[in-house]
Amino acid sequence: MMETRSTCAYCGVGCGVIIQSDGRHITGVRGDPEHPANYGRLCSKGASLHLTARPEVLASRRLLTPRWREDRSLPWQASSWDGIQQRLVERLLALRAAHGPEALGFYISGQLLTEDYHAFNKLARGLWGTPHIDSNSRLCMSSAVVGYKKALGADAPPCSYEDIEQASCLFIAGSNTAWAHPILFRRIEAAKAANPALRIIVVDPRRTETAEFADLHLALRPGSDVALFQAMLHQMIWQGWIRPDFIAAHTEGFEAVRAQVQAMSPARAAQLCDLPEAQIIEAARLFAQSPATLSLYCMGLNQSSAGTDKNQALIQLHLASGQIGRPGCGPFSLTGQPNAMGGREAGGMATLLPGHRDPACPADRAEVAALWGVDSLPAGPGKTAVELFEAAEAGEIKALWIACTDPAQSLPHQALVRAALKRCELVVLQDAFSGSATAEFAHVLLPAATWGEKEGTVTNSERRISRVRAAVPPPGEARSDWQIVRDIARRLEPLLRPGKPSLFAWDGPEQAWLEHREATRGRDLDIGGLSYARLEQAPQQWPFPDGEAAGQARLYLDHRFATPSGRARFHAIGWRPPVEWPSVERPLQLSSGRLRDQWHSLSRSGTVPALFGGAPEPRLALHPDELVRQGLAEGELATVSSARGRLHVRVTADAQLGPRQAWLPMHWGSEYLLGRDEAGAALQGVNALSQDRCCPDSGQPELKYATVGLQGLALP
Ligand code: SF4
């Protein structure tokens, strides 16, 4: 048996795993006892990773050969790589001649490796010349990115996991850590056991497993987070719990915020948030007066049309109370996907360039162009995820190259997304797994290697870069994503930049990574001192500049922030109610989220029968009283409708929810949920209902909130 060190393919905790194999087949997995993210522990998903590589899964669920069809009505044709590359290049060039380079958009994934991100970005912006490259990380953490940049000057979570053990107060907002980041939650449990004085506050409309563990659960009305955070700041100011010395020395803009939050008393917020006033006051006291307060936050704040406001309002609590730049405290955004952070570093998003540069800044574009050896980059920002599909639906984007994600299930407002995909003249889907909802709309399928089969790096929530390693060769014709991109790019180069040296002269992922490294030098995320060889020894946190012996565990220890003035910035943020408001027709507030044992659209976790043990099918959860009020019984089928669509699903009683709330897991698509839309297309999970309204600053859609109505479904 061989053992290969790698990293879990699921969430942003980034646990180290040791893959067991015979060199051809993966036979087992165990936690890496030396990896600082997990010290040997794995959750149910990580511990069953080897089962996703069983021979029967490879045979039945993996995409094994390139495929092509001229028209969606025609059957798929298997192709060689040579054949499909040639045809794809011809189609792309014809499209370019007819519509220009910006008619092609790329929609990629936080599950790609940093090397893959670099390859896609260089192809899209450096070779092809389109600014329209975005990632499904847009749905995950783009509000956190903008929140950090606006408040602290850089997209850099300032904390480390070890701050959990050093905190005296944990403020967990919009995160069911117990289910979404299980190994991190184990650390929280252990920290509480070691230090019973540790106070844990959870802000969540549902009484989740995380909330159940808290000392104080603020079960606020969905969408009212900013009002809560403002009232906490109001109370801190009123009681003298703020740190005027810190504010004066290290921040700017506080007076405007002080004036603004005067109007948001705990009494007023209590009404807006539907919370006891005393709970708001107690939360403010614990936050400000604990020796070290660490906030952990995630999709509950980010996936909102006010996502950036929510992030900023929370960060401002840290700035006002001086809870930043010391061990055990600070605002710590948790990433959802395994390499959402790496995608940000590599600039594989519409609003970012490599090294945290800005595509709207000519100097930043010129720097990247010089690093890549191209004349210029297209001016940005490009279209963000929802905008990309809106543009495709409007006929402006003519072709989409999609990698390692399933927008036909995971993007909001499915009716629009499906219309967009249908309208595209060319849809290329590069994926490891077959049978996704998006595959129905594709013309080209490119089989990709996945966990256990490919080499590269990922960065987890605490800025820690880990190696991902191949234990076995990819099955069938599957290839690494960077390699698929490189090979098609090399065929395009002689036609797009005749006579010039190749931009993709890479024999392996390390060469792509070295180019990525160069783009970080002198930047806040500088990894000039890192190498694959150094990462072979142990995962490392950035920044890790040349000459350093170790990466930096915490940022802003000198209280000098990444803004031009060196001061963190307060912003006066107005509280605004959610875009939709309950009505007679749609009286329920619907939210969605993860189950502990499943991942995204089930393409990987859905291959492991044991992971369905806790939840074999999706059920719409309602408070037991709400179920009675709706005249429904446990397990009955109902039709749930929003302004955008409807689906049929079984209901279940769940006392975790408040009255007038509903919750549906995000994982299932049409194969499980019954129903067809008016055009006859299969309905797609919760995103048939969700809103495509986006945060104006981050472009992140309001996936956590939609108003819906419910009707019992009489079966024939
Ligand atoms: Fe994998 Fe996340 Fe579970 Fe760790 S916590 S084993 S990274 S899914």
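The values are calculated or read from the model by the stated rules, or taken from the named source; none is laboratory data. No experiment lies behind these values; they were computed from the predicted model shown. Every residue, glycine among them, receives a Cβ derived from its backbone with ideal geometry; neighbour counts consider all protein chains shown.
Could you name every one of the strands (runs of 3 or more DSSP E) located completely within the range 361-476 that has at least 1 residues being touching a residue at least 60 places away in the same chain (Cβ under 8 Å), of a type in the set (Phe, Trp, Tyr) and out of contact with any Pro (no Cβ under 6 Å at 6 or more places or on another chain)?
Qualifying strands (runs of 3 or more DSSP E): 399-403.
Can you pull out every residue in the range 199-219 that is part of a helix (DSSP H, G or I), touching a strand residue (DSSP E or B) at 6+ places or on another chain (Cβ under 6 Å) and away from the ligand (no atom under 16 Å from the Cβ)?
Passing the criteria: only Ala211.
Looking only at the range 539-571, count every residue that is surrounded by fewer than 17 Cβ atoms within 10 Å (Cβ to Cβ) and on the phi < 0 side of the Ramachandran plot and tell me the total.
Number of matching residues: 9.
Is it true that some residue in the range 51-69 is within 16 Å of the ligand (Cβ to nearest atom), outside the structural domain of Ile397 (by TED's automatic domain parsing), under 23 Å from the mean Cα position of the chain (by Cα) and at pLDDT 95 or above?
Yes - at least one qualifying residue is present in the range 51-69.
List the number of the failed condition for Ala98; all other conditions in (1) buried (at least 21 other Cβ atoms within 10 Å of the Cβ); (2) assigned by TED's automatic domain parsing to the domain that holds Asp406 hold.
The number of the failed condition is (1).
Which residues, taken from the range 465-482, are buried (at least 24 other Cβ atoms within 10 Å of the Cβ) and out of contact with any Asp or Glu (no Cβ under 8 Å at 6 or more places or on another chain)?
Once the filter is applied, which keeps residues that are buried (at least 24 other Cβ atoms within 10 Å of the Cβ) and out of contact with any Asp or Glu (no Cβ under 8 Å at 6 or more places or on another chain), the range 465-482 yields Ile465, Ser466.
From the list Leu220, Leu152, Leu233, which residue is under 15 Å from Leu286 (Cα atoms) and of a type outside the set (Val, Ile, Thr)?
Leu233
Give just the number: which of (1) within 27 Å of Cys695 (Cα to Cα); (2) in contact (Cβ under 8 Å) with a residue 60 or more places away in the chain does Val608 not satisfy?
Status for Val608: all satisfied but (1).
Taking Val89 as the residue in question, decide whether it is farther than 30 Å from Cys8 by Cβ and at pLDDT 95 or above.
Taking the combined requirement at face value, the residue satisfies it.
For the range 266-324, enumerate the residues that are in contact with a Ser or Thr (Cβ under 9 Å, 6 or more places away or on another chain) and on the phi > 0 side of the Ramachandran plot.
The one that is in contact with a Ser or Thr (Cβ under 9 Å, 6 or more places away or on another chain) and on the phi > 0 side of the Ramachandran plot: Asp274.
Report whether or not Leu446 is surrounded by fewer than 17 Cβ atoms within 10 Å (Cβ to Cβ), in the same structural domain as Pro412 (by TED's automatic domain parsing) and in contact with a helix residue (DSSP H, G or I) (Cβ under 7 Å, 6 or more places away or on another chain).
Judged against the criteria, Leu446 is not a match.
Quick one: in the range 179-198, of everything that is crowded, with 22+ Cβ neighbours inside 10 Å and closer than 14 Å to Glu212 by Cα, which residue is farthest from the ligand (Cβ to nearest atom)?
Ile188
Please enumerate the residues belonging to the range 221-251 that are in contact with a strand residue (DSSP E or B) (Cβ under 6 Å, 6 or more places away or on another chain) and within 21 Å of Glu580 (Cβ to Cβ).
Passing the criteria: only Pro222.
For the range 46-93, which positions are of a type in the set (Gly, Ala, Ser) and loosely packed, with under 13 Cβ neighbours inside 10 Å?
Those that are of a type in the set (Gly, Ala, Ser) and loosely packed, with under 13 Cβ neighbours inside 10 Å: Ala59, Ser60, Ser73, Ser80.
Tell me the helices (runs of 4 or more DSSP H) entirely within the range 220-262 that contain at least 1 residues that are polar (S, T, N, Q).
225-239, 254-261
Just one of the numbered conditions (1) at pLDDT below 95; (2) among the hydrophobic types (A, V, I, L, M, F, W, C); (3) crowded, with 21+ Cβ neighbours inside 10 Å is not true of Leu622; which one?
(1)
What's the total number of residues in the range 1-50 that are within 10 Å of the ligand (Cβ to nearest atom) and free of Cβ contacts under 8 Å to residues at least 60 places away in the same chain?
The number of residues fulfilling the criteria is 4.
Condition check: in contact with a Lys or Arg (Cβ under 8 Å, 6 or more places away or on another chain), in a loop (DSSP other than H, G, I, E, B) and within 30 Å of Ala505 (Cα to Cα). Does Pro157 satisfy that?
Taking the combined requirement at face value, the residue does not satisfy it.
Inside the range 611-632, can you point out the residues that are part of a loop (DSSP other than H, G, I, E, B) and free of Cβ contacts under 8 Å to residues at least 12 places away in the same chain?
Listed by number, the list holds a single entry, Pro616.
Checking the structure you have, find out if any residue of the range 382-392 is farther than 21 Å from Tyr117 by Cβ and acidic (Asp, Glu).
Within the range 382-392, one or more residues are farther than 21 Å from Tyr117 by Cβ and acidic (Asp, Glu).
If Leu127 satisfies all but one of (1) within 16 Å of the ligand (Cβ to nearest atom); (2) assigned to a helix (DSSP H, G or I); (3) touching a residue at least 60 places away in the same chain (Cβ under 8 Å), what's the number of the condition it fails?
(1)
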